[in-house]
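One structure below.
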Amino acid sequence: MKILAIETSTMLGGIAIADDTRGLIAEARLNVKTTHSERLMTVIGQVVAQSGLLLDDMDIFAVASGPGSFTGLRIGLSTVKGLAYATGKPIVTVPTLEAFAWNLPFSRYPVCIMLDARRGEVYAALFRWEGERFIREIDETSVKPDDLLGRLEGTVLFAGEGAIVYRDKIVATLGTRAVFAPACKMVPAPSTIAMLGLSKALAGEFADPFDAVPLYIRKSEAEVKLDAFIREKTEAMTHTDTTDIVIRRMVEDDIPEVNAIETVSFTKPWSETLFLNEILNPLCRPIVARKNGRVAGYLCSSLVLDEGHILDLAVHPSYRRQGIGRRLIRDTLYHLEQQGCRVTLLEVRASHHDVIAFYEQVGFRVMQTRKCYYVSPIDDAAIMVLHLREPGINVVGM
């Protein structure tokens, strides 16, 4: 069984290829002063080529699931989802700190992994080697260094960028009870993601590519800002009670109702087959809003790396101007941000001024106009964009 593993939890990421008989086949590291998304696919292509294999030769894809850099984790997971969709292969997720501990197997001391979480905190976990594996002594947590150090007993082996940042504090608190890993073991290794990923695959512990999300532990500063941003935008709109609306993923049984709404809403409606394809595509996220036991509206979106798209949105005529479209947009923006989206795009008929005004209320702006984009009837397209890094929004995290 061959596996391609991606590690993007920290600024030093990488790719590894391994199998369950030969072990590690190839590995590459990349120090990302820019973003992982700008270099990740290039490095994947290089590692695959150097291994003498093809992407289609991979049986499974693995990814570090966190905690760690919010942006890195989301880009890594989005990339794995894209590879899984393109090849039809399954995925596994591997906890970052557990994999990091495997840099130091057979340690006589408990291993404390610390990543810098900013805001004066670290992502940390404590592991103890027992038999042939690590046992968690302290689960993954976001904690102030002083509080973590106060929980440690005996001699402890430290690793990770957090241990480097807070080395003086660790030594001052623990003295000779603090031991530090060598520099080459102070960063996570893609190869350990690959080997633990193989173990999980052989045990049948696969992740659902539709629902897999990073292990964040806490909200990023970006999410807090996005919460405030969307709250401000939505509260400025019509105040309508939407507590009886249920938002969930679209399923095949919803398609007849969805298609009926589509048909009365657009001059060139999508077919039922297109909606089914959206449901089956792991890069897409079709959702429905249900009210009074029926589909009241729906929204289809997609995410490729860090670029999101609003593909289709409609509300049944009987339920318009009741806040349903706003709820669908808000749910989708939360999801896109969580998955690492930096910018979201959509297109709308330029003559539909009320629709453009609706999207402007939630932060979108017209970026450009494409002449004669629509037919039946002929109309220009207004291309709208929501930059999730604008001042005051900054939905990128670390």
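For the pair Asp139 and Ser351, label points projected 7 Å from Cα toward Cβ lie 5.8 nm apart. Shape analysis of the range 61-104 yields a ratio of the Cα radius of gyration to the Kirkwood radius, Rg/Rh, of 1.03. Taking a ≥ b ≥ c as the square roots of the eigenvalues of the alpha carbon gyration tensor, the range 221-387 is rounded, as a/c is under 1.5. Remark on Glu137: its backbone amide H falls under 5 Å from those of Leu126, Phe127, Arg128, a criterion applied only to residues 5 or more positions apart or on other chains, H modelled at 1.01 Å from N.
Dividing the summed -39500 (n - 2.57) terms of all DSSP H runs of n ≥ 4 by the residue count of the chain sets its mean residue ellipticity at 222 nm at -10000 deg cm²/dmol. Distance from the alpha carbon centroid of the range 322-379 to that of the range 93-161 works out to 44 angstrom. Arranged from fewest to most other beta-carbon atoms within 10 Å of their beta carbon, Glu130, Glu205 become Glu130, Glu205. Over the range 154-201, the hull volume per residue, using the convex hull of the C-alpha atoms, is 88 Å³. If a spin label sat at a point 7 angstrom from the Cα of Glu132 along the line to its beta carbon, the backbone N atoms of the range 1-25 nearer than 19 Å would be those of 1, 19-24.
Beyond 20 Å in Cα-Cα separation lie the following of the pairs Lys81/Lys268; Lys144/Lys169; Lys268/Lys371; Lys2/Lys81: Lys81/Lys268. Shape class of the range 1-147 from the Cα gyration tensor (axes a ≥ b ≥ c, square roots of the eigenvalues): oblate, since a/c reaches 1.5 or more and a/b does not exceed b/c. Considering only DSSP beta bridges with both partners in the range 104-185, what is the antiparallel share in %, to the nearest 5? Approximately 70 percent, going by the DSSP bridge assignments.
Charge tally for Ser78 (other residues, Cβ to Cβ under 13 Å; Lys, Arg +1; Asp, Glu -1): +1.
Counting 0.36 nm for each residue step from Glu360 to Asp56 and taking away their Cα separation leaves a gain of 105.1 nm. Relative protection proxy for 8-15, 80-87, from highest mean packing down: 8-15, 80-87 (other beta-carbon atoms within 10 angstrom). Taking a ≥ b ≥ c as the square roots of the eigenvalues of the Cα gyration tensor, the range 298-372 is oblate, since a/c reaches 1.5 or more and a/b is not larger than b/c. Temperature 25 °C, viscosity 0.890 mPa s: under these conditions the Stokes-Einstein estimate for the chain, based on its Kirkwood radius over C-alpha pairs, is 107 µm² per second.
Principal axis extents of the C-alpha atoms in the range 104-185 (largest first, rounded to whole Å): 36, 25, 24.
A short reminder: the numbers here are calculations on the coordinates, not readings from a lab. Remember, predicted model here, so these are calculated numbers, not experimental data. Reconstructed Cβ throughout: ideal geometry from the backbone, glycine too, with neighbour counts over all protein chains shown.
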